[in-house]
Amino acid sequence: MVMFYCSAQPSNIKPFYGAYDQVDWVIKPAMGRSVMSNSFRISGNIAVTKLLYGQTASVPVTAADQVFLDPFAGIHGIVKNVSSLVNERIIENVSSYARYVSQKTQATNTLESLTSSSASIPELKGLLNNVSLALSTGAGGCPFSFKPMVALNRSNTDLPVSKFNQMKILMTLASALECLYCSLPEPSQTADDHITSLTFTISNLQLNWYEVPEVSIPRTVFKTTYLTTQSIVSLNTNLYVTAPTIFDTVSCSFILQGDRNKVYKNDLLCNYIPSITRLEFTINGLDSPLVYAIGGGASPPYQDIALNYAKSLEYDTDKNCVLNKLLSESVAFEIGVAFHAQQNSKLGIAITLDQNTNFNPSVGGNGLDSFIYTNGYLEV
């Protein structure tokens, strides 16, 4: 097969990008060609610095600082929101993009496979990315390369120029506290080694892809993702979500509200919710994606919760974190379900906690933010 290697720099090019910056790419395939499916890849360099208590100048982090990117999201963590456009039409807009990547990675990898995989290392995933962030001496910092998990990179066909004459990927970068964290115990606020803030800069950004000779394509279907955010502040919670496209799965993760945007907390952590006694999914208040309520019987609900969630993200049966009890109760707990495709329907999620639990979302700072991702399809 004849393939052409193509690349582009951001349309708003500048030497360095930082927190909340916008990074946009415009893709215009050559006449007579198609963009190869799933071939978009972003590369660049990242440099991370820290500011210590009482200091006025930031300095590079060291491996001993234990400053990490989320092990499941890796360098994807620098992206806060991302949109895909085709011929000036928005086909997908994903908020909290990095958390979705983290959830998908948990369903298809173990921590061991991430740390040792040659495919994950360029994306700075795994348990040792603090070493990469600290020890890189190249221009601009640590090099990275990742495939953005966006609709334009998740099509069932190549993308011919006759049908897709212009495409765009628009990204908003995250803050440092949304993608970086220190895993050490937090010292005294006035200690000399207390990290008061983290900063990152991105440089040498480039988008790469392959093009092949165009072949007539009758239709193209993109996988899309849509986010809804809600809160859990009581023992009985009802979450509701609709999606702008046809959707057939929903995947939801949680984080304690008190742990967000802190140097010594991972903002992408998927918190465990103890004491769930019943979990039920409904569609339009009537039909049920599952013919039973999880936890409606005598058996504990968590095994069934984990299995249904894994199915919602097309999990790898041989390697994943979500069916591991230890990881599920520490870093990889979520809920979800797969069902027959729906459109313009309201999906309800009813979560009931034990009335005698020590974990009450209404007291003691146990309130949770939920991130509900609906996974659907869009035909163009």
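Within the stretch 187-213, if we keep just the residues that are of a type in the set (Gly, Ala, Ser) and part of a strand (DSSP E or B), the residue that is nearest to residue 6 (Cα to Cα) turns out to be 203.
Within the stretch 70-128, take every residue that is touching a residue at least 12 places away in the same chain (Cβ under 8 Å) and basic (Lys, Arg) and give me the one that is farthest from residue 226 (Cα to Cα). Among those residues, the one meeting the criterion is 125.
Say whether the condition of being modelled with pLDDT of 95 or more and closer than 25 Å to residue 368 by Cα is met by at least one residue in the stretch 213-221. No, the conditions are met nowhere in the stretch 213-221.
The criterion of being modelled with pLDDT of 95 or more, under 21 Å from residue 63 (Cα atoms) and over 23 Å from the mean Cα position of the chain (by Cα) holds for residue 184. Among the residues of the stretch 10-49, those that are more than 20 Å from residue 174 (Cβ to Cβ), surrounded by 14 or more Cβ atoms within 10 Å (Cβ to Cβ) and of a type in the set (Gly, Ala, Ser) comprise 34, 37, 39.
Among the residues of the stretch 266-288, count how many are surrounded by fewer than 16 Cβ atoms within 10 Å (Cβ to Cβ) and of a type in the set (A, V, I, L, M). Residues meeting the conditions: 2. Checking the structure you have, find out if any residue of the stretch 53-63 is closer than 18 Å to residue 179 by Cβ, part of a strand (DSSP E or B) and at pLDDT below 95. Scanning the stretch 53-63, I find at least one residue that is closer than 18 Å to residue 179 by Cβ, part of a strand (DSSP E or B) and at pLDDT below 95, so the answer is yes.
Restricting attention to the stretch 301-321 and to residues that are touching a strand residue (DSSP E or B) at 6+ places or on another chain (Cβ under 9 Å) and outside any helix (DSSP H, G or I), the residue that is nearest to residue 373 (Cα to Cα) turns out to be 313.
Candidates are the residues of the stretch 289-312 that are among the polar types (S, T, N, Q) and free of Cβ contacts under 8 Å to residues at least 60 places away in the same chain; the one that is surrounded by the fewest Cβ atoms within 10 Å (Cβ to Cβ) is 299. Would you mind finding the one in 224, 196 that is of a type in the set (S, T, N, Q) and buried (at least 20 other Cβ atoms within 10 Å of the Cβ)? Checking each option against the conditions leaves just 224. Scanning the stretch 153-164 for any residue that is touching a strand residue (DSSP E or B) at 6+ places or on another chain (Cβ under 6 Å), surrounded by 19 or more Cβ atoms within 10 Å (Cβ to Cβ) and hydroxyl-bearing (Ser, Thr, Tyr) turns up at least one such residue.
Identify the residue in the stretch 322-380 that is in contact with a helix residue (DSSP H, G or I) (Cβ under 6 Å, 6 or more places away or on another chain) and assigned to a loop (DSSP other than H, G, I, E, B) and, among all such residues, is modelled with the lowest pLDDT. Applying the filter and picking the extreme gives 365.
Here residue 39 meets each of (1) touching a strand residue (DSSP E or B) at 6+ places or on another chain (Cβ under 8 Å); (2) among the hydroxyl-bearing types (Ser, Thr, Tyr); (3) at pLDDT below 95; (4) over 23 Å from residue 267 (Cβ atoms) with one exception, condition (3). Quick check, is residue 145 part of a strand (DSSP E or B) and at pLDDT 95 or above? Criteria met by residue 145.
Here 122, 148 are screened, and the one residue that is out of contact with any helix residue (DSSP H, G or I) (no Cβ under 7 Å at 6 or more places or on another chain) and more than 24 Å from residue 60 (Cα to Cα) is 148.
Residue under question is residue 116, and the condition is that it be of a type in the set (Gly, Ala, Ser) and either at pLDDT below 95 or closer than 20 Å to residue 327 by Cβ (or both); does it hold? Judged against the criteria, residue 116 is a match. Restricting the stretch 248-268 to residues that are in a loop (DSSP other than H, G, I, E, B) and in contact with a helix residue (DSSP H, G or I) (Cβ under 7 Å, 6 or more places away or on another chain) leaves a set whose member that is nearest to residue 327 (Cα to Cα) is 268.
Residues that are in a loop (DSSP other than H, G, I, E, B), over 24 Å from residue 306 (Cβ atoms) and of a type outside the set (A, V, I, L, M, F, W, C) within the stretch 70-125 comprise 87, 88, 95, 118, listed in sequence order.
The values are calculated or read from the model by the stated rules, or taken from the named source; none is laboratory data. Keep in mind that what you see is a predicted model, and the values were worked out from it rather than measured. No Cβ is skipped: glycine too gets one built from the backbone with ideal geometry, and neighbour counts run over all protein chains shown.
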